[in-house]
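Colleague: Take a look at this one; I'll ask things after.
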Amino acid sequence: MELTLLVTGLVVLIVLGAPMGVTMAVLPVAYILITSELPLSAVPYQMYEALSNAPLLAVPFFILTAELMNSGRITERLLALARELVGRIRGGLGQMNVLGSMMFAAMNGSAVADVAAVGGILIPAMKAAGYPGAFAAALTAIGSTIGGILPPSILVVLLASTMGMSIGSVFAAGIIPGILVGVSLMVVVYVYAVKYGYARYEAPFTFQALWDAFLGAWSALLIPAVIIGGILFGVFTPTEAGAVAVAVAFLIGALVYRTLTRRTFGETLFRSVKITSSVFIIIAASGPFSWLLNRIGALQGLEGFLLRFADSPWLFGIVLIGIIFVVGTVLEPVPCVIVLGPTLVHACIAAGFHEVQAALVLSVGFIMGSVSPPVGVCYFTAAAIAGEPIDKVGRALMPFLLVEVFVMALMLVIPPITLALPKLLGFVHD
């Protein structure tokens with residue numbers, strides 16, 4: 001009965017358009033007021049507990065890094081390099097879109113920032129070159145999900161922090177799946193390009209053009225080297241790596257490219273504070289919401305339901321992916337990871353999967369929520385940039401979503417996809 005009322009209240013608030021942070025905080029308050037089981041002070045206490053996690057300090061640094069990249073016009077140089085690398089493949093602009101998203105993902109870990117940066121440049125260019133606007137928007141939206149897979153994924157930081165896991169181990173686990181998703185999307189773009197005759201970059205390839213593009217982007221490529229290399233090889237903690245990445249992005253924009261001015265820097269800080277505040281409000285609200293789910297036994301019930309299928313890895317995987325997909329279409333990735341992530345990881349461990357493997361599968365699944373109708377923020381952002389109806393973009397998304405679901409399934413049934421690099425780097429031991 002309590003669970004039914006909770007779900008009803010959640011659905012009603014979402015339909016009414018209440019912000020997710022408000023929704024997750026209001027429901028525990030209502031529960032306490034109705035039952036009088038605890039003082040209302042339990043709600044702010046749980047919010048404080050949700051935020052009292054030192055690794056979360058990495059999140060605002062990665063957000064600021066992404067904003068500095070946009071303000072410093074670093075994205076344009078990365079796309080120029082992507083054009084020289086893959087632009088001459090059939091569907092060249094689409095291939096650039098995916099590779100540009102992969103490069104951008106390796107520097108900031110934010111799917112929304114990826115859509116805004118890459119989509120703002122390539123969606124108009126793709127439409128001008130004859131690509132359907134819905135296709136361009138769908139490709140940009142799904143490409144942005146790579147930012148939730150490749151390090152330094154903010155979603156991975158949140159899940160690993162919540163679980164008390166090594167962030168470096170899950171970062172390492174995301175490299176092969178992130179590349180696999182990117183390559184798979186490029187294959188789909190190639191098939192569409194052959195079928196519909198989409199153009200490619202026609203200028204003849206020269207090593208000089210490639211070298212010039214690399215020289216234009218090489219300093220920007222220092223950012224992933226600092227973040228990923230520093231964390232994976234134990235030079236920095238994730239928080240320290242984020243702080244150093246901010247410094248590197250600032251110096252590149254201000255001194256190397258000279259595109260980051262005092263005015264744009266102020267605007268960048270303002271946007272970063274707004275984004276960070278919205279993320280941390282959700283994180284704080286997830287504390288009392290998780291407490292409420294535990295109080296009424298919902299999380300334990302979910303784990304018990306999943307473990308009914310533990311004897312069959314294939315069936316367990318199908319049910320797990322189904323749960324992730326259904327929840328992801330209703331809730332945003334951040335609350336999904338914080339509220340449901342630990343329960344689902346524990347269920348996966350009990351079913352015989354490694355915790356790092358499980359964490360990465362959940363990260364891939366929940367980041368799909370950012371492009372899944374009806375609440376996907378990246379989905380709406382890409383559609384708005386393209387000026388296309390959201391229903392058309394939603395239909396164009398379907399083949400790309402199937403690709404990511406397929407990769408999720410591979411990650412579950414082929415453990416080396418996620419565990420090979422963590423083992424090689426010493427994060428995971430047999």
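The values are calculated or read from the model by the stated rules, or taken from the named source; none is laboratory data. Everything numeric here is computed off the predicted structure, so don't read it as measured data. When we count neighbours, we look across all protein chains shown, and the Cβ atoms used for this are built from the backbone with ideal geometry, even at glycine. Side chains included, ligands, DNA and RNA excluded: accessible areas come from the protein's heavy atoms. Shrake-Rupley method; radii C 1.70, N 1.55, O 1.52, S 1.80 Å.
Colleague: Would you check which residues across segment 343-366 are in contact with a Cys (Cβ under 9 Å, 6 or more places away or on another chain) and open to solvent by less than 10 Å² (accessible area, probe 1.4 Å) and list them? Let's see the steps before the verdict.
Modeller: Going through segment 343-366, the residues in contact with a Cys (Cβ under 9 Å, 6 or more places away or on another chain) turn out to be 354-355, 357-359, 361-362, 365-366.
If the condition is that a residue be in contact with a Cys (Cβ under 9 Å, 6 or more places away or on another chain) and open to solvent by less than 10 Å² (accessible area, probe 1.4 Å), then Q357, A358, A359, V361, L362, G365, F366 are the ones that fit.
Colleague: Being polar (S, T, N, Q), closer than 30 Å to L13 by Cα and open to solvent by 20 Å² or more (accessible area, probe 1.4 Å) narrows it down to one residue among T259, T237, T276; which is it?
Modeller: Working: T259 fails: closer than 30 Å to L13 by Cα; T237 fails: closer than 30 Å to L13 by Cα.
Every option except T276 fails the conditions.
Colleague: In this structure, does M165 turn out to be out of contact with any Pro (no Cβ under 8 Å at 6 or more places or on another chain), closer than 14 Å to G94 by Cα and not β-branched (V, I, T)?
Modeller: Working: out of contact with any Pro (no Cβ under 8 Å at 6 or more places or on another chain): yes; closer than 14 Å to G94 by Cα: no; not β-branched (V, I, T): yes.
It is false that M165 is out of contact with any Pro (no Cβ under 8 Å at 6 or more places or on another chain), closer than 14 Å to G94 by Cα and not β-branched (V, I, T).
Colleague: (1) open to solvent by 60 Å² or more (accessible area, probe 1.4 Å); (2) more than 30 Å from V157 (Cβ to Cβ): which one isn't true of L57, the others all being true?
Modeller: Here L57 meets the rest and fails (2).
Colleague: Right, here's the next one. Taking the residues in segment 216-260 that are among the small types (G, A, S) and in a loop (DSSP other than H, G, I, E, B) as candidates, determine which candidate is nearest to T65 (Cα to Cα). Walk me through it before giving the result.
Modeller: Of segment 216-260, the ones among the small types (G, A, S) are 216-217, 219-220, 225, 229-230, 234, 241-243, 245, 247, 249, 253-254.
Next cut, in a loop (DSSP other than H, G, I, E, B) only: 219-220, 234.
Values: S219: 14, A220: 11, G234: 21 Å.
Residue satisfying both the conditions and the ranking: A220.
Colleague: Examine segment 184-201 for a residue that is in contact with a helix residue (DSSP H, G or I) (Cβ under 9 Å, 6 or more places away or on another chain), in contact (Cβ under 8 Å) with a residue 24 or more places away in the chain, surrounded by fewer than 24 Cβ atoms within 10 Å (Cβ to Cβ) and of a type in the set (D, E, K, R), and state whether such a residue exists.
Modeller: yes
Colleague: Additional query: Could you tell me which of the residues V157, V170 is over 26 Å from M398 (Cα atoms), touching a residue at least 12 places away in the same chain (Cβ under 8 Å) and within 12 Å of the chain's Cα centre (by Cα)?
Modeller: Details: V170 fails: within 12 Å of the chain's Cα centre (by Cα).
Result of the check over V157, V170: V157.
Colleague: Can I ask one more? Inspect segment 324-336 for any residue being open to solvent by 20 Å² or more (accessible area, probe 1.4 Å) and either among the small types (G, A, S) or on the phi > 0 side of the Ramachandran plot (or both) and give the result as yes or no.
Modeller: no
Colleague: Looking at (1) surrounded by fewer than 13 Cβ atoms within 10 Å (Cβ to Cβ); (2) assigned to a helix (DSSP H, G or I); (3) of a type outside the set (D, E, K, R), find the lone condition where F205 falls short.
Modeller: Of (1) surrounded by fewer than 13 Cβ atoms within 10 Å (Cβ to Cβ); (2) assigned to a helix (DSSP H, G or I); (3) of a type outside the set (D, E, K, R), only one is false for F205: (2).
Colleague: Suppose the filter is modelled with pLDDT under 80, open to solvent by less than 20 Å² (accessible area, probe 1.4 Å) and not hydrophobic (A, V, I, L, M, F, W, C); does G376 pass it?
Modeller: On the way: modelled with pLDDT under 80: yes; open to solvent by less than 20 Å² (accessible area, probe 1.4 Å): yes; not hydrophobic (A, V, I, L, M, F, W, C): yes.
So G376 passes the test.
Colleague: Evaluate segment 235-254: report whether one residue or more is over 30 Å from S169 (Cα atoms) and in contact with an Asp or Glu (Cβ under 7 Å, 6 or more places away or on another chain).
Modeller: To start, the set of residues in segment 235-254 that are over 30 Å from S169 (Cα atoms) comprises 253-254.
After this cut, where a residue has to be in contact with an Asp or Glu (Cβ under 7 Å, 6 or more places away or on another chain) as well, the list is none.
No; the residues of segment 235-254 include none that is over 30 Å from S169 (Cα atoms) and in contact with an Asp or Glu (Cβ under 7 Å, 6 or more places away or on another chain).
Colleague: Test each condition in (1) without any contact (Cβ under 8 Å) to a residue 60 or more places away in the chain; (2) under 24 Å from T268 (Cα atoms); (3) over 23 Å from the mean Cα position of the chain (by Cα) for A80 and report the one that comes out false.
Modeller: (1) is the only condition that A80 fails.
Colleague: Kindly indicate the residue of segment 72-84 that is at pLDDT below 75 and surrounded by 24 or more Cβ atoms within 10 Å (Cβ to Cβ) and also nearest to A117 (Cα to Cα) among those meeting that condition. It would help to see each step written out before you state the result.
Modeller: Going through segment 72-84, the residues at pLDDT below 75 turn out to be 72-75.
Applying the additional criterion that residues be surrounded by 24 or more Cβ atoms within 10 Å (Cβ to Cβ) yields 72, 74-75.
Working: G72: 11, I74: 10, T75: 7 Å.
Only one residue fits best here, namely T75.
Colleague: What residue, of L293, L331, is of a type in the set (A, V, I, L, M, F, W, C) and outside any helix (DSSP H, G or I)? It would help to see each step written out before you state the result.
Modeller: Numbers: L293 fails: outside any helix (DSSP H, G or I).
Matching residue, one of L293, L331: L331.
Colleague: Continuing with the same structure: Restricting attention to segment 408-430, report how many residues are of a type in the set (A, V, I, L, M), at pLDDT 90 or above and open to solvent by less than 30 Å² (accessible area, probe 1.4 Å).
Modeller: 3
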